[in-house]
Amino acid sequence: MVAEVAHSSTSPFAIDIRNLVFQWPGEHGFRLSIPQFLVRRGERVFLQGASGSGKSTLLSLLGGVLLPQPCHMRVLDTDLTMLTSSARDRFRVDHIGFLFQQFNLVPYLSMRENVLLPCRFSKRRRQRALQSAGSAASLEQSADRLLAQLGLDMTLARQPVTALSVGQQQRVAAARALIGHPELIIADEPTSSLDAGRQVEFLDILLGRCDDENVTLIFVSHDQRLGSHFSRTVDLDKLYGVAPGSA
Amino acid sequence: MKALLSLAFASAWNRRATLGLMAVSIALSVVLLLGVEQLRTQARESFSQSISGTDLVVGARTSPIQLMLYAVFRLGDATHNIRWSSFQAMAEHPAVAWAIPISLGDSHRGFAVIGTTAAYFEHFRYGDRRPLAFATGKPFADIFDAAIGAEVAERLGYRVGDRIVLNHGAKDLGLAEHADKPFKVSGILQRTGLPVDRSVHVSLEAVEAIHLDWQGGAPMPGLSIPAEYVRKFDLAPKEITAALIGLKSRAGVFQMQRFINQYKDEPLLSVLPGVALDELWSVVSIAEKSLLAISALVVAVGMSGLVAVVLAALGERRRELAILRSVGAGPRVVFMLLAIEGLMVVMAGALLGVLGLIVLNLFAAPILEAHLGISFTPGMLSADAWQLLLLVMTTGFLVSLVPGYRAYRLSLADGLTPRL
Ligand SMILES: Nc1ncnc2c1ncn2[C@@H]1O[C@H](COP(=O)(O)OP(=O)(O)O)[C@@H](O)[C@H]1O
Ligand SMILES: [Mg+2]
């Protein structure tokens, strides 16, 4: 059974959650409860759900920013509930790339510095970024290469990131999520502020990169039409009863 | 840590206009604080340097502080004089090594005229027991000779041999001039940084001579004694304003003080310069402390301004903090980021303030010297000033923790998804 394998150090699951309960503080705080949520390594999961259904909350739990009530929760075979908060911070940057809806960039950093942010906070990401770029390459070169792969011209590097179009900003953010080969990419409605044409274009680029690097992707959107691009769609509202790996 | 510092720097640089203004306002408050402190210590120093080696200052009975002010610092006027006979009695006292008479009341184009004797140039000491010395020329020898201070010579462009006319009264009233009896500059003293620089020194006989045909502060009508006849009169001084006394042995100072204070013929007051200065400081220190307190308040205002600015910007930075959290920055890192940013502004402000003070020193020193007689040595900060600066920086550090803590709380509550 799957449950036994999940405890070994290389289970086939990137995410393995059972009976998770989380409640925001306050009397009427939102309560998220997930009986089971499994994601295989290398899977592209489209997570959909109405606004306010707790998608972002789930992603924060996966990133170890929030801590659920004691339960079985493994992310990349790590039990986040057992880690200290600074160990969770470290885990997050070492293994997960994040992508948000809008204003994804630090306004006072250059395009390249924005991409390199995870490498500034994680030695692992730094080393992996350097490895992928080839022995003689610098971090900056690996950032530039990634930006180029995402279709960003380096002539854009001279202007402040706030001057970039939303689509360009999202690609820079994607480069930041991808740099240093994290095993898991978590994207929280990264296409919501793009117009329809750009949405598909961005999605294609992102999925292309994820294929090349064989990373696990959790992609959140309330726009069901995008689901067709993914190997599996999970509806948070109906998560209860979703069989693991059933697509 | 390196990542954190360069982030904090980039962030501060991004908002350099606002933060620069904050740094300038802190710098100005630091200039004020350190300036007041410097003025205070320099004024004290300059006052204590004004006299050394003098055991007693003697004058008519008044308050010790007032006596010090007019006899030593040439500030204010004496209300009463003392008799020449009293001075002689003191000068001839067996315990006394030397005595310098001082007669005040006349002026020359705004500079005080001092009637005294050769003993002044011989025995007067200042600073580190330094004697007065002549840059050119020599002390007065003739009745109508005058030895002038360095500032007088410089400002009025006098050289040895020039003729000058004295005014009656300490203020220039224009009318009451002793124009019939011009003086010749016999010597120019070296610069001392003391009231001496702004004084014209003449003999006691000269003071008598120019007042021969005067009575009650005005020329006697119909009476005018030409300069050449003056010598025929009895020019022995009758009154002086004050006296400086040096003893053969310091041990006898209280005995001598008692002798003077209980002098039979007229009420006299003698003070130990050090004691009188201490008394002066205790009076002045109230004003000093209030000034310092006000300056400290201004610094506090500058700091709260900084906190307000950093806090106000924090609201717009919640997304940025969430991004940083997503790349592994813990709430503590966020805390430090904001604290470092504030601290950088405070440090820049303090540094700028010190630089500003140095520049101000260069410009203000001559003005202060000319108007207040405070010799202002531009240069290093005093130990007290360094302490104040340290206090400012410590306060700045503590103050910087406020936005840091706020950011910490925000980023804990927001996590990756600030709800704006
Ligand atoms: N920082 C927070 N503090 C308290 N409650 C929150 C916070 N963030 C989200 N919530 C609550 O959690 C619920 C789900 O929010 P969220 O996870 O953002 O949903 P979604 O991303 O699906 O729109 C909301 O009803 C909201 O009230
Ligand atoms: Mg959301």
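Inside the stretch A:1-102, counting only strands (runs of 3 or more DSSP E) that do not spill past its ends, which hold 3 or more residues that are under 15 Å from the mean Cα position of the chain (by Cα) and within 16 Å of ligand 2 (Cβ to nearest atom)? Because the criterion is at least 3 residues that are under 15 Å from the mean Cα position of the chain (by Cα) and within 16 Å of ligand 2 (Cβ to nearest atom), the strands (runs of 3 or more DSSP E) in the stretch A:1-102 that meet it are A:44-48. Residue A:181 satisfies every condition listed in (1) within 14 Å of chain B (Cβ to nearest Cβ); (2) closer than 23 Å to residue A:133 by Cα; (3) in a loop (DSSP other than H, G, I, E, B) except (1). Residue count for the stretch A:135-160 satisfying the condition of being part of a helix (DSSP H, G or I) and within 11 Å of chain B (Cβ to nearest Cβ): 0. Of B:365, B:322, all but one fail to be at pLDDT below 90, in contact with a Ser or Thr (Cβ under 8 Å, 6 or more places away or on another chain) and either open to solvent by less than 40 Å² (accessible area, probe 1.4 Å) or over 24 Å from residue B:2 (Cβ atoms) (or both); the exception is B:365. The single residue among B:95, B:89, B:118 that is more than 22 Å from residue B:69 (Cβ to Cβ) and free of Cβ contacts under 8 Å to residues at least 40 places away in the same chain turns out to be B:118.
What residue, of B:75, B:67, is of a type outside the set (Val, Ile, Thr), more than 18 Å from residue B:252 (Cβ to Cβ) and not in a loop (DSSP other than H, G, I, E, B)? Being of a type outside the set (Val, Ile, Thr), more than 18 Å from residue B:252 (Cβ to Cβ) and not in a loop (DSSP other than H, G, I, E, B) holds for just one of B:75, B:67, which is B:67.
Restricting attention to the stretch A:39-56, the residues that are open to solvent by 10 Å² or more (accessible area, probe 1.4 Å) and more than 10 Å from ligand 1 (Cβ to nearest atom) add up to 5. Considering the stretch B:15-44, the residues that are charged (D, E, K, R) and in contact (Cβ under 8 Å) with a residue 40 or more places away in the chain include one that is farthest from the other protein chains (Cβ to nearest Cβ), namely B:44. The residues of the stretch B:190-213 that are in a helix (DSSP H, G or I) and open to solvent by 10 Å² or more (accessible area, probe 1.4 Å), listed by number, are B:195, B:198, B:205, B:207, B:208. Residues that are open to solvent by less than 50 Å² (accessible area, probe 1.4 Å) and either within 13 Å of residue B:260 (Cβ to Cβ) or not aromatic (Phe, Trp, Tyr) (or both) within the stretch B:77-95 comprise B:78, B:82, B:86, B:87, B:89, B:90, B:91, B:93, B:95, listed in sequence order. The test for being of a type outside the set (Ser, Thr, Tyr), open to solvent by 30 Å² or more (accessible area, probe 1.4 Å) and in contact (Cβ under 8 Å) with a residue 24 or more places away in the chain does not hold for residue B:73.
Here is a check on your reading of the model: is residue B:381 under 44 Å from the mean Cα position of the chain (by Cα), assigned to a loop (DSSP other than H, G, I, E, B) and in contact (Cβ under 8 Å) with a residue 12 or more places away in the chain? It is true that residue B:381 is under 44 Å from the mean Cα position of the chain (by Cα), assigned to a loop (DSSP other than H, G, I, E, B) and in contact (Cβ under 8 Å) with a residue 12 or more places away in the chain.
Within the option set A:184, A:178, being touching a Cys at 6+ places or on another chain (Cβ under 9 Å), open to solvent by less than 20 Å² (accessible area, probe 1.4 Å) and away from ligand 2 (no atom under 16 Å from the Cβ) holds for one residue only, A:178. Residue pairs whose Cβ atoms lie under 8 Å apart, sitting 6 or more positions apart in sequence or on different chains, and linking a residue in the stretch B:306-332 that is within 7 Å of chain A (Cβ to nearest Cβ) and at positive phi to a partner that is modelled with pLDDT under 90 and open to solvent by less than 10 Å² (accessible area, probe 1.4 Å), do not occur here.
Could you list, in sequence order, all residues of the stretch A:163-187 that are more than 20 Å from residue A:96 (Cα to Cα) and within 16 Å of ligand 1 (Cβ to nearest atom)? Answer for the stretch A:163-187, where residues must be more than 20 Å from residue A:96 (Cα to Cα) and within 16 Å of ligand 1 (Cβ to nearest atom): there is none. Consider the stretch A:17-38 and keep the residues that are away from ligand 1 (no atom under 14 Å from the Cβ) and of a type outside the set (A, V, I, L, M, F, W, C). The one that is nearest to residue A:234 (Cα to Cα) is A:36.
Could you tell me how many of the residues in the stretch A:69-101 are among the polar types (S, T, N, Q) and facing chain B (nearest Cβ under 8 Å)? The qualifying residues number 2. Residues considered: B:12, B:3. Of these, the only one that is within 14 Å of chain A (Cβ to nearest Cβ), without any contact (Cβ under 8 Å) to a residue 40 or more places away in the chain and in contact with a helix residue (DSSP H, G or I) (Cβ under 8 Å, 6 or more places away or on another chain) is B:3.
When the residues of the stretch B:144-160 are filtered to those that are in a loop (DSSP other than H, G, I, E, B) and either within 26 Å of residue B:46 (Cβ to Cβ) or touching a strand residue (DSSP E or B) at 6+ places or on another chain (Cβ under 6 Å) (or both), the one that is least open to solvent (accessible area, probe 1.4 Å) is B:149. If the condition is being over 19 Å from residue B:324 (Cα atoms), open to solvent by 10 Å² or more (accessible area, probe 1.4 Å) and not polar (S, T, N, Q), then the stretch A:57-80 contributes A:68, A:70, A:71, A:72, A:74, A:76, A:77, A:79. Can you find a residue that is in contact (Cβ under 8 Å) with a residue 40 or more places away in the chain, within 12 Å of chain B (Cβ to nearest Cβ) and not basic (Lys, Arg) anywhere in the stretch A:121-134? The answer is yes; a qualifying residue exists. Looking only at residues of the stretch A:102-120 that are within 8 Å of chain B (Cβ to nearest Cβ) and open to solvent by 70 Å² or more (accessible area, probe 1.4 Å), we find that the one that is modelled with the highest pLDDT is A:120.
Could you tell me whether the stretch A:188-207 includes any residue that is away from ligand 1 (no atom under 16 Å from the Cβ), modelled with pLDDT of 85 or more, crowded, with 18+ Cβ neighbours inside 10 Å and part of a loop (DSSP other than H, G, I, E, B)? Yes, because at least one residue in the stretch A:188-207 is away from ligand 1 (no atom under 16 Å from the Cβ), modelled with pLDDT of 85 or more, crowded, with 18+ Cβ neighbours inside 10 Å and part of a loop (DSSP other than H, G, I, E, B).
The values are calculated or read from the model by the stated rules, or taken from the named source; none is laboratory data. Owing to the predicted nature of the structure, the values given are computational and were not obtained by experimental measurement. Backbone-built Cβ (ideal geometry, glycine too); neighbour counts: all protein chains shown. Remember, those area values only see protein heavy atoms, side chains included, never the ligands or the DNA or RNA. Shrake-Rupley method; radii C 1.70, N 1.55, O 1.52, S 1.80 Å.
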